[in-house]
């Protein structure tokens, strides 16, 4: 069921699923985007419009690549390999979420 992000989100490969700006309340004590906030944003984008039962038996893999600072514009890109990537305004991948 989750082998294709296009099926989940109704978007094409690389389409923007969501946008955010890292705010003060989104950061940890070091001024970086909190990992729980990043995961929440990715999960919200991945499961938008799905029934709760549709994802109950699936596994997720989060990969943290780089930190984001307060004020950074963030986009979440959906890809057809069932992954969602939190990308900074400089097009650098920050965090990836893949549905297993």
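The values are calculated or read from the model by the stated rules, or taken from the named source; none is laboratory data. From a predicted model like this one, the values you see are computed outputs, not experimental measurements. Positions of Cβ are backbone-derived with ideal geometry, glycine not excepted, and every protein chain shown enters the neighbour counts.
Counting only residues that are part of a helix (DSSP H, G or I) and modelled with pLDDT under 65, how many does region 46-67 have? Before the answer, list the steps.
Step one: filter region 46-67 for residues part of a helix (DSSP H, G or I), giving 46-47, 52-55.
Narrowing the set further to residues that are modelled with pLDDT under 65 leaves 52-55.
Selection size over region 46-67: 4.
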| Within region 1-45, can you find the residues that are within 13 Å of residue 80 (Cβ to Cβ) and either modelled with pLDDT of 60 or more or in a strand (DSSP E or B) (or both)? | 14, 15, 17
